[in-house]
Amino acid sequence: MKDIQKISIDNNPIRMGFLHPGEMGSALAKVARRNGATTWWASEGRSISTASRAAVAGIEDVGALKALCHHCEIIISICPPHAAIDMAKAVAASGFGGIYVDANAISPGAAMQIAEIVEQSGAAYVDAAVVGAPPNDRHDTVIYFSGEAAHIVAKYFKAEAVSVELLGASRSHASAVKICHSAIHKGQLAMLLATLAAAEHYGVKAHLESLLARHPNTRSLTNEIPEIARRATKGWRFAGEMLEVADTFAMAGLPPELHRGASEVFRRCPAPGSVDQNKLSTDNLIRMLLDHDIRSD
């Protein structure tokens, strides 16, 4: 493993690679660049839309993943949860020996597995978790870091719109905070969506909404109903996250079934590009949940 302190001292500016620059990765790359890092990505096998987003964000392209791993001292992985382990294996196979930061919505168990994968290849591991929307002038984002090299990475993500918290040397504490937060935040969204769909099926949805609005402890839920469709446009991604929550609960000896059900609710949400997301209403979304033929495979 490279001397992680030496990485932060000898490379000025430090080279940071992003796998792969989606909406969140591109926003974090901008923050890192404002804090003195140069930012890079590998376009091989990626979509035109991803390339366009990277170009707008000012992230420079080195072509292939292996080239990125040889070029950069820090690699940031931000991808759908189901791809996190395979991504770590690909980076490890390249011989990467810098600091590998997993910022995906994964269980603590998956974080430990990824740590072992990248450390066996000679890299240092940092567990990271991003809570909130991509950082910009309108959003406050919290980023948790844990691991022995966490302090080296964290300094590149400090910004007015970002709160950075260090959680010590643990290789999974950041993921544990994120996934437990998702259990409530996104689990409640899935439960509300499924409950509205059940009420619609039985012809009492309007009565349910009226009842929710009458009681102080449920009144706030009625304010969320118009926002459900917008939030659920990422349901395809939340489905995997709910499975990570289920695994986290199971490893703690807690029932995992609730969040496996939440995963199924999100799995029935429209896949990217299958509908006009700007015209998707909560009522349309409810009908999709009730129509099994529209579920994505």
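A few remarks follow.
- K158 vs. criteria more than 21 Å from M288 (Cβ to Cβ), modelled with pLDDT under 95 and of a type in the set (K, R): yes
- Under the condition of being more than 20 Å from the chain's Cα centre (by Cα), in a helix (DSSP H, G or I) and closer than 24 Å to A161 by Cα, the residues counted in the range 15-51 number 2.
- Listed conditions (1) of a type in the set (A, V, I, L, M, F, W, C); (2) open to solvent by 50 Å² or more (accessible area, probe 1.4 Å); (3) assigned to a helix (DSSP H, G or I) are all met by I179, apart from (2).
- Among the criteria (1) part of a loop (DSSP other than H, G, I, E, B); (2) open to solvent by less than 20 Å² (accessible area, probe 1.4 Å); (3) under 22 Å from A32 (Cβ atoms), the one I114 does not fulfil is (1).
- Residues in the range 117-159 that are assigned to a helix (DSSP H, G or I) and open to solvent by 10 Å² or more (accessible area, probe 1.4 Å): I117, E119, Q120, H151, K155, Y156.
- Every listed requirement among (1) exposed (fewer than 15 other Cβ atoms within 10 Å of the Cβ); (2) polar (S, T, N, Q); (3) in contact with a helix residue (DSSP H, G or I) (Cβ under 8 Å, 6 or more places away or on another chain) is met by N223 save one, (3).
- Residue within the range 62-70 that is modelled with pLDDT under 90, under 26 Å from T141 (Cβ atoms) and surrounded by 21 or more Cβ atoms within 10 Å (Cβ to Cβ) present: no
- Matching residues, the range 243-264, being open to solvent by less than 20 Å² (accessible area, probe 1.4 Å) and either under 20 Å from L290 (Cα atoms) or modelled with pLDDT under 95 (or both): H259, A262, S263
- On the stretch given as the range 112-141, residues that are touching a residue at least 12 places away in the same chain (Cβ under 8 Å), in contact with a strand residue (DSSP E or B) (Cβ under 6 Å, 6 or more places away or on another chain) and within 17 Å of K30 (Cβ to Cβ) total 4.
- Filtered residue count, the range 86-111, keeping only those that are assigned to a helix (DSSP H, G or I) and without any contact (Cβ under 8 Å) to a residue 40 or more places away in the chain: 6
The values are calculated or read from the model by the stated rules, or taken from the named source; none is laboratory data. Keep in mind that what you see is a predicted model, and the values were worked out from it rather than measured. Every residue, glycine among them, receives a Cβ derived from its backbone with ideal geometry; neighbour counts consider all protein chains shown. Keep in mind that these areas ignore ligands, DNA and RNA; they rest on the heavy atoms of the full protein, side chains included. Shrake-Rupley method; radii C 1.70, N 1.55, O 1.52, S 1.80 Å.
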